[in-house]
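The values are calculated or read from the model by the stated rules, or taken from the named source; none is laboratory data. Computed from a predicted model, the values in this text were never measured in an experiment. Every residue, glycine as well, gets a Cβ built from its backbone with ideal geometry; the counts of neighbours run over all protein chains shown.
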Amino acid sequence: MRVMPKVAVLGQRDAVLGFKASGAVAFPADNPKEVREHLNAILQGDYAILLVTEEIAEIFEKDLEPLYDMPKPVVTILPDARKPRGVGMELLRRRVERAVGADILFKGEE
Amino acid sequence: MRIKANATRQELARLKARIRMAQRGHRLLKDKRDQLMREFMSIVHESRQLRQELEERLNAAYRSFSLARAVLSPSVLEEALMVPGGAEEISVSYRNIMNVVVPEMEIQGREDEQADDTGDDTAGMLPSYGLATTSSDLDDAISKFQGILPLLVRLSHIERTIHLLADEIEKTRRRVNALEHVLIPELEQAVKSVEMRLEEIERSNISRLMKIKEIVRAH
């Protein structure tokens, strides 16, 4: 049988536990070292999607940057559990701005 | 940078052919850019809506989950979540938009269960933990997380598509601009200067002939 790629979740323990029982592979990480180790494991494993919490996405922006151009895994930023800071939205906005040359998405909404 | 060209008819013809070629490329690239833009716009709005929906639903899921955590003792919770609830498998296929290959992903084998989109947890997977020791808050939280996963998968491939398209649009736009504002004007400038030089040569030729004629007639 062909092994299918899966979904990985990387984040603080509280944030990823909920996903664990609902169809994703959880990688709880509470310190930077663990994040790096998990990241390597994820890159070597067969994962189609990597979900990262906002906090980690911000701290490890440099490490995640090259992943955006790789076919797998697709990195998606999860909104934070307590108060979303819109890191994912910001990334989207930046991409739109780069493509269109202007911020058409959130224009006149701030 | 100016294009160097000898003032000959052959060179002139070659320059004009280059202009035609550049204009054709410019037109094609412009069409490509416009089409990419159309695709881009349609998915950008979708992605934004998805993200907003995700934020709301994830918030609700986290709330249920912290409720469950408050009720259950940490050890029971840890035990309940020890066994992963059967990791979902994702099927990845690829689609070609204007020569940009974008991924499309889907959760495998969930279609039939998702058929009735009532949103209650009976349609989801069976929990992988004992019901006796855990509270219904946990079931609630888990089923919410399960409902979010397909959303996340969709959002993931849409965001990747946006990223890839944004790259391609930027590249295409640069090329269009380079042709429109640099190469084509330079070529036109070169054609103009060669034409002027050729005319100048023509004129000096004529005046020379007239002069010679005069000299010949005087004899």
* To do: Just give me the residues in the range B:45-57 being touching a Gly at 6+ places or on another chain (Cβ under 9 Å) and within 9 Å of chain A (Cβ to nearest Cβ), in sequence order.
  => B:Arg51, B:Leu54, B:Glu55
* Structure fact -> Exactly one of A:Asp46, A:Asp69 is over 30 Å from B:Met41 (Cα atoms), within 11 Å of another protein chain (Cβ to nearest Cβ) and acidic (Asp, Glu), and that one is A:Asp46
* **Residues (surrounded by fewer than 16 Cβ atoms within 10 Å (Cβ to Cβ), at pLDDT 75 or above and either touching a helix residue (DSSP H, G or I) at 6+ places or on another chain (Cβ under 7 Å) or within 20 Å of A:Val9 (Cβ to Cβ) (or both)) located in the range B:71-97** => B:Val71, B:Ser91
* Structure fact -> Picking from B:Ala68, B:Ala13, the residue that is of a type in the set (A, V, I, L, M) and either at pLDDT below 85 or under 32 Å from the mean Cα position of the chain (by Cα) (or both) would be B:Ala68
* Asked: Can you pull out the residues in the range B:136-148 that are buried (at least 21 other Cβ atoms within 10 Å of the Cβ) and not small (Gly, Ala, Ser)?
  -> B:Leu138, B:Ile142, B:Lys144, B:Phe145, B:Gln146, B:Ile148
* Structure fact -> Per the list (1) out of contact with any Pro (no Cβ under 7 Å at 6 or more places or on another chain); (2) free of Cβ contacts under 8 Å to residues at least 60 places away in the same chain; (3) within 30 Å of A:Arg93 (Cα to Cα), residue check on B:His157 breaks on (1)
* Exactly one condition in (1) within 27 Å of the chain's Cα centre (by Cα); (2) surrounded by 14 or more Cβ atoms within 10 Å (Cβ to Cβ) is not met by B:Glu53; state its number. => (2)
* Criterion violated by B:Leu12 - all others in (1) within 22 Å of A:Gly101 (Cβ to Cβ); (2) surrounded by 15 or more Cβ atoms within 10 Å (Cβ to Cβ); (3) away from every other protein chain (no Cβ under 13 Å) satisfied -> (1)
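Conditions tested, residue by residue: (1) loosely packed, with under 14 Cβ neighbours inside 10 Å; (2) under 23 Å from A:Met89 (Cα atoms).
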position: A:Ala29; (1), (2): no, no
position: A:Lys33; (1), (2): yes, no
position: A:Thr53; (1), (2): no, yes
position: A:Pro73; (1), (2): no, yes
